[in-house]
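The values are calculated or read from the model by the stated rules, or taken from the named source; none is laboratory data. The model shown is predicted, which means the values in this text are computed figures rather than measured ones. Glycine also receives a Cβ, built like all others from the backbone with ideal geometry; neighbour counts cover every protein chain displayed.
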């Protein structure tokens, strides 16, 4: 099995490395998503990104600039998806939990239906949307490797410098304000970063892999750790381990690697819940 | 951020409101509030729901800028390192793992301390809050009363000169309420911590308050507890004619509030 994987390395190494880097990046950011009870927000932001990508494809076709739109999500116009994701995260990050839940639900449904309708008349439109939603890491490029390595380093650096502030902000915003943190600034910064990384990850790998890496490793880590601070290194570790195992198994069985990695992450979460329950 | 800061002349004064007006979206909630809080005073903020108690706290915490007037903190409180806050409730996501040590340690955010000093402060706060020995226990394994103590410990770990508590004993049974208030009274007496305590429990105010702020009709009456904790004042604050039902309970001989400032 390992030998098969090594044999596939020259052909797919960019896809594999980009997949692992995306997993690390999203798992780090996902700790805050899970800690702030915003899992559905993560799904809605990723879904909004697909609407932006769909609009980019449609715009490219309509304007006759196929070179910018491309024949898949890597076209330059698909960067609209990143913008949409950042906007969605910023718009839904504020407000009370009830209002936020309603806005998130509205966003998810509007984006999901809109993405399909925008490309419904296009010859390969629905196929593109299906491709984007179901995910694939195979299209990831060398540029993606550099991009996500840089984003992962920035995220890890940010966590190292501000870990306790991030946790206090996630656990008790009122106390965070009391100790001098500016809640609105932190809220906007965290939301913008979430939108950016989710938008870029969705563009590179699709919705399923992005959403899976965003929430499943932090959920598993939450069941295995005793303290929240440990989530910031346990979650990325689990994400990489699942990605590594997932890509190797998928290669051996000739199955799609992104789906295999997410399926393994889901299994790890189930096992972690069992372990966590037994430990309690 | 406080919109208006002026030097507080008296070094004992930690908080000074001068003709302070506060509100939301241009609609004033409190008007022309004057208040002086000194070190070692135990203030109770009393009044009906919606009278502006939490609004004033929000302003003191820097979450609400004054619409008019001035609100000044002692310079030692400017960077918030000596300010502690216990919110009405803290509801972290229950799937989030945390120990008592980690939860209380988050109160140290913004303070620059070495490892030994951090440990010393944690030990001191946990001991004062009656949580010594529970450092490694999961926060989620604590009882409701212990969680409230953990909130108090998280504020104490900052060694505050000014401690603000927003209805911290709501929904707690009598024994836990007593334990928390005894702890606060000891801090006021031994550390000269100034305390702002929002509550609806008049009997508690009667036993522990050195000073009282009565919120009603957009204004605040403030002064020594002995002057304001009278039926006619309380009746005025709560808008009840006569005020017979608003008499605090008779003083309990066990309570020992420290009233050096009266």
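Here is the figure for region A:178-208: residues that are within 14 Å of chain B (Cβ to nearest Cβ), part of a helix (DSSP H, G or I) and surrounded by fewer than 23 Cβ atoms within 10 Å (Cβ to Cβ) total 5. Of all residues in region B:93-138, those satisfying the criterion of being within 21 Å of the chain's Cα centre (by Cα) and without any contact (Cβ under 8 Å) to a residue 24 or more places away in the chain are B:109, B:127. Where helices (runs of 4 or more DSSP H) fall entirely within region B:180-262, those with at least 3 residues that are buried (at least 17 other Cβ atoms within 10 Å of the Cβ) and at pLDDT 85 or above are at B:202-208.
What do you reckon, is residue B:63 over 30 Å from residue A:219 (Cα atoms), touching a residue at least 24 places away in the same chain (Cβ under 8 Å) and either over 13 Å from the mean Cα position of the chain (by Cα) or in a loop (DSSP other than H, G, I, E, B) (or both)? The answer is no for residue B:63. Put simply, of B:96, B:126, B:131 the only residue that is part of a loop (DSSP other than H, G, I, E, B), buried (at least 20 other Cβ atoms within 10 Å of the Cβ) and more than 10 Å from chain A (Cβ to nearest Cβ) is B:131. Checked against (1) at pLDDT 85 or above; (2) not in a helix (DSSP H, G or I), residue A:72 passes all but condition (1).
Take the conditions more than 28 Å from residue A:49 (Cα to Cα) and either within 14 Å of another protein chain (Cβ to nearest Cβ) or not in a helix (DSSP H, G or I) (or both) and apply them to residue A:174. Does it pass? The answer is yes for residue A:174. Within region B:104-123, being under 27 Å from residue A:39 (Cα atoms), facing chain A (nearest Cβ under 8 Å) and not in a loop (DSSP other than H, G, I, E, B) holds for B:105, B:106, B:107. Evaluated against (1) surrounded by 18 or more Cβ atoms within 10 Å (Cβ to Cβ); (2) within 8 Å of chain A (Cβ to nearest Cβ); (3) in a loop (DSSP other than H, G, I, E, B), residue B:85 falls short on exactly one condition, (3).
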